[in-house]
Amino acid sequence: MTLDLGDLGLDEGAHLLIKRALARDPTVTVRGSSATLGIDLPAWARAQGHSVSAHGGTFVLSRGPDRWSGAERAGAVGAPEARAPAHWGLAARGALVERGAPELDLPLSTRSEVWADEAARLYAQAAAAQWDPATAIPWDAPIDHPDEVEDAVVQVMTYLIENETAALLVPARFLGRIHPHFREVMQLLAIQAADEARHIEIFTRRAHLRRDVLGLSTAGGQASLASLFEEPDFAIASFLLSVLGEGSFLSLLWFLREHAPDQCTREVARFSAQDEARHVAFGLAHLQRHVTEDPQLRERLAAAIGRRHASLAHTAGLNAEVFDALILLAAGSWDPAALRRGHAAVVDLQRAMDDGRKQRLSRLGFAPDQAAALSALHTRNFM
């Protein structure tokens, strides 16, 4: 093959034409009128591993060995491998990875640890369902309930903020440990953290609509949430947070949507619940797959519930102010009969949380009696 570059220099893109020609033919004769061709072409050819000889004003290039012969394909584009080696680093799944790439410390690098077949679908759903707090929530809707009811709303919002802060920090903590070969899970956890950030924003904004200060945060509540953040195992952390904690939290948001005293609070609860349902779905899907591949994981999950229960035995459990606030919101007034109904509604809420936990535990393969026993050990702080 003969390639005439004209006056195009290698510093102007001529090397692309030469690369293209060598890809088609192992020997290419190159000529051109660029003033620097005699210097640039031999230097470029040697740097690329090609041999070159000059014959007057022309150059004969012989293609050298494939410089990517030692490269490794980072799996297939469509589905992840069972294990992602550290030297694949940040390369996209399916990319050709050059030898010598840096090895990153990404300990969550096996499919069984992190993968869920539903991850891509849930991510697409989450991306399509993002909403803007400024326009989705009716911040200007009338609030005409008594001050004491508003105080109850503020106390519940205070509780929701700290719980959602924990729900943001836990996935964010593991996000930097997941090998990007499992990009769908990485993307899903990132958008989950963004969901929680948005929830913190709307709970805070709702609390400040009529009040300058927030409610009470208890040491027991903080201890319960700290135990989630400090859990080092991804599977156990997902189990405690998503399957048990956020599952119970979802029941609470539905409760608030039903009993909220104003439209703004109802919509805050409704939009948050839509996001939380996805978080629970991923946690459950991930663990169902993990348990299938490693049945002994159930023993570790059960033991984790027991450890957490024992570590929190000295705490007071659910913030009493939150419990009372929920009663008042469900009652809607200070009438004794209404308060009785409100109290019964909160008891029903706790029962619904327990039923939901037992159902999710059963989906992970726990026998009904074991699921009931484990659900009973779940923290009284709900999350």
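Summary of values
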read-out	value
Residue match in the range 134-148 (condition: small (Gly, Ala, Ser) and either crowded, with 17+ Cβ neighbours inside 10 Å or not assigned by TED's automatic domain parsing to the domain that holds Ala194 (or both))	no
Among (1) surrounded by fewer than 18 Cβ atoms within 10 Å (Cβ to Cβ); (2) under 26 Å from Ala219 (Cα atoms) - the single one Asp369 does not satisfy	(2)
Whichever residue in the range 314-327 is closer than 30 Å to Phe366 by Cβ and either basic (Lys, Arg) or free of Cβ contacts under 8 Å to residues at least 24 places away in the same chain (or both) and, among such residues, is surrounded by the fewest Cβ atoms within 10 Å (Cβ to Cβ)	His314
Qualifying residue in the range 147-167 (condition: part of a loop (DSSP other than H, G, I, E, B) and either modelled with pLDDT of 95 or more or over 26 Å from the mean Cα position of the chain (by Cα) (or both))	no
In the range 328-358, the residues that are surrounded by 15 or more Cβ atoms within 10 Å (Cβ to Cβ) and within 32 Å of the chain's Cα centre (by Cα)	Val346, Leu349, Gln350, Ala352, Met353, Asp354, Gly356, Arg357, Lys358
Every residue from the range 269-310 that is closer than 30 Å to Val154 by Cβ and either hydroxyl-bearing (Ser, Thr, Tyr) or in contact with a Pro (Cβ under 9 Å, 6 or more places away or on another chain) (or both)	Phe271, Ser272, His279
Options Val114, Val97: the member that is in contact with a Phe, Trp or Tyr (Cβ under 7 Å, 6 or more places away or on another chain) and within 30 Å of Leu297 (Cα to Cα)	Val114
Which listed residue is surrounded by fewer than 16 Cβ atoms within 10 Å (Cβ to Cβ), under 30 Å from Arg177 (Cβ atoms), at pLDDT below 95 and outside the structural domain of Leu297 (by TED's automatic domain parsing), from Gly100, Gly57, Gly49	Gly100
Positions within the range 224-241 being surrounded by 22 or more Cβ atoms within 10 Å (Cβ to Cβ) and polar (S, T, N, Q), in sequence order	Ser224, Ser238
Considering residues of the range 60-97 that are under 30 Å from Leu3 (Cβ atoms) and under 28 Å from the mean Cα position of the chain (by Cα) only, the residue modelled with the highest pLDDT	Ala95
Helices (runs of 4 or more DSSP H) fully within the range 228-313 counting 2 or more residues that are in contact (Cβ under 8 Å) with a residue 12 or more places away in the chain and among the hydroxyl-bearing types (Ser, Thr, Tyr)	247-259, 263-293
Residues located in the range 12-46, provided they are outside any helix (DSSP H, G or I) and either surrounded by fewer than 17 Cβ atoms within 10 Å (Cβ to Cβ) or among the acidic types (Asp, Glu) (or both)	Gly13, Asp25, Pro26, Thr27, Thr29, Arg31, Ser33, Ala35, Thr36
Among the residues listed as Arg198, Arg173, Arg205, the single one being touching a helix residue (DSSP H, G or I) at 6+ places or on another chain (Cβ under 9 Å) and surrounded by fewer than 17 Cβ atoms within 10 Å (Cβ to Cβ)	Arg205
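The values are calculated or read from the model by the stated rules, or taken from the named source; none is laboratory data. Owing to the predicted nature of the structure, the values given are computational and were not obtained by experimental measurement. Quick reminder, even Gly has a Cβ in these numbers, built from the backbone with ideal geometry, and neighbours come from all protein chains shown.
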